[in-house]
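Reviewing the structure listed below.
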Amino acid sequence: QVQLVESGGGLVQAGGSLRLSCAAPERFISSNAVNWYRQPPGKQRQLIATITSGGSTNYADSVKGRFTISRDNAKNTAYLEMNSLKPEDTAVYYCNVPTIWHDYWGRGTQVTVSS
């Protein structure tokens, strides 16, 4: 059973920064695309960042220029660096790795941005 484990969430003031991590089994991160989603209170889960197995990245307009997705294959970990945080970034953040066999999700990490 593949487990994705997010960490790094917390409470931060507007304008601050956080770095989320997504730990995965060996070679899992390097072999697949990794997505970060978030689910604000009372809203649907939304895709905000993707990094492909080849290293290409894509971002939702709402986070473009402020968030950076990356991957450390040696540590089997994906990251989401979040800068210039806004209260509207408050959400539970999820790591996702889609494969042809299964769609893997972590349990999420809470990010709260105070104004």
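Among 11, 47, which is the only one that is aliphatic (A, V, I, L, M) and in contact with a Phe, Trp or Tyr (Cβ under 9 Å, 6 or more places away or on another chain)? Let's see the steps before the verdict.
Numbers: 11 fails: in contact with a Phe, Trp or Tyr (Cβ under 9 Å, 6 or more places away or on another chain).
Just one listed residue meets the conditions, 47.
Per the conditions (1) open to solvent by 30 Å² or more (accessible area, probe 1.4 Å); (2) under 19 Å from residue 2 (Cα atoms), the sole criterion not satisfied by residue 96 is (1). Residues in region 1-14 that are at pLDDT 95 or above and among the polar types (S, T, N, Q) were compared, and the one that is least open to solvent (accessible area, probe 1.4 Å) is 7. Just one residue in the set 45, 71 is in contact (Cβ under 8 Å) with a residue 40 or more places away in the chain, among the charged types (D, E, K, R) and either touching a helix residue (DSSP H, G or I) at 6+ places or on another chain (Cβ under 8 Å) or crowded, with 17+ Cβ neighbours inside 10 Å (or both); that residue is 71. Annotation: of all residues in region 15-29 being touching a helix residue (DSSP H, G or I) at 6+ places or on another chain (Cβ under 9 Å) and open to solvent by 40 Å² or more (accessible area, probe 1.4 Å), the one that is nearest to residue 69 (Cα to Cα) is 23.
The values are calculated or read from the model by the stated rules, or taken from the named source; none is laboratory data. The structure presented is a predicted model; accordingly, all values stated were derived computationally and were not measured. Here Cβ is always computed from backbone atoms with ideal geometry, including for glycine, and neighbour counts include all displayed protein chains. What goes into the accessible areas is simple: the full protein's heavy atoms, side chains included, and nothing from ligands, DNA or RNA. Shrake-Rupley method; radii C 1.70, N 1.55, O 1.52, S 1.80 Å.
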